[in-house]
Amino acid sequence: MTSVTTLTPEDRVLDAARRCVDRWGLSKLTIDDVATEAGVSRATLYRLFPGGKDVMFDALRVRELQEFFAGLRDNLTRSESLLDFSAQVAVYAIDQMRRDEHLAMMLATEEGTALKSLTVEGLPRILSVASEYITPMFTDYLRDEDAEIFVELLARLVISFFLAPSSHFDLAERDSARNLLRPFVAAFEGATVG
């Protein structure tokens, strides 16, 4: 017997918002579009997300980040070294970002909004969720306080290489990721030992 998961009203609205963005883009989207797609009234949507569209999309971005990092966490395996584990994180993250059709569509049609969500406006949120989900896994290799700093630096590096790919390194390829990360990890390990 399978259990049926009932979506919360918030999840129904966020799912509808995602479908609407995919269909029309963020700039043309209205609260009424999302309410209609979710099958809720405009008043219900505002009750669920006081502040309207901005608050709703902040909630959607947080949920998508949580899903991304939960997937990353669930797909990581124990490695023998910080270098191997870091490469595993980078490879998974870059691969998933490249496969994300929604992200590709946003970068193609609403580049400014997509870039802000990965950098200026969204980076603090990304770093917060990354820290929550994967910092504990890095404590197998580093002290707690160092693991948090390391995860922040690794996340910044992955985002940078996703937005501006290198002709020298491909973070979606394990050996290339290891080659890029080797001096970074060695310097970091050296700094945390002493």
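Just a few scattered comments:
- Residue that is over 18 Å from Thr135 (Cβ atoms), free of Cβ contacts under 8 Å to residues at least 24 places away in the same chain and surrounded by 13 or more Cβ atoms within 10 Å (Cβ to Cβ), where the choices are Asp100, Asp95: Asp100
- Conditions (1) of a type outside the set (Gly, Ala, Ser); (2) modelled with pLDDT of 90 or more; (3) open to solvent by 20 Å² or more (accessible area, probe 1.4 Å); number of the one not met by Phe69: (3)
- Residue match in segment 19-33 (condition: acidic (Asp, Glu) and under 30 Å from Phe184 (Cβ atoms)): no
- The lone criterion from (1) buried (at least 18 other Cβ atoms within 10 Å of the Cβ); (2) closer than 19 Å to Arg178 by Cα left unmet by Glu37 is number (2).
- Residues of segment 25-34 classified as exposed (fewer than 14 other Cβ atoms within 10 Å of the Cβ) and under 22 Å from the mean Cα position of the chain (by Cα), total: 1
- Residue ID - nearest to Val55 (Cα to Cα), chosen from residues in segment 135-145 that are open to solvent by 10 Å² or more (accessible area, probe 1.4 Å) and part of a helix (DSSP H, G or I): Thr135
- Test: residue in segment 56-64 that is open to solvent by 60 Å² or more (accessible area, probe 1.4 Å) and acidic (Asp, Glu): yes
- Every condition in (1) open to solvent by 80 Å² or more (accessible area, probe 1.4 Å); (2) more than 20 Å from the chain's Cα centre (by Cα); (3) closer than 14 Å to Val91 by Cα holds for Leu180 except the one numbered (1).
- Whichever residue in segment 40-55 is within 24 Å of Leu127 (Cα to Cα) and part of a helix (DSSP H, G or I) and, among such residues, is most open to solvent (accessible area, probe 1.4 Å): Asp54
- Among the candidates Glu121, Glu145, Glu80, Glu111, the residue that is within 28 Å of Arg19 (Cβ to Cβ), more than 15 Å from the chain's Cα centre (by Cα) and without any contact (Cβ under 8 Å) to a residue 60 or more places away in the chain is uniquely Glu111.
The values are calculated or read from the model by the stated rules, or taken from the named source; none is laboratory data. Source: prediction; values computed, not measured. Cβ: placed from backbone, ideal geometry, glycine included. Neighbour counts: every protein chain shown. With ligands, DNA and RNA removed, areas are computed over all heavy atoms of the protein, side chains included. Shrake-Rupley method; radii C 1.70, N 1.55, O 1.52, S 1.80 Å.
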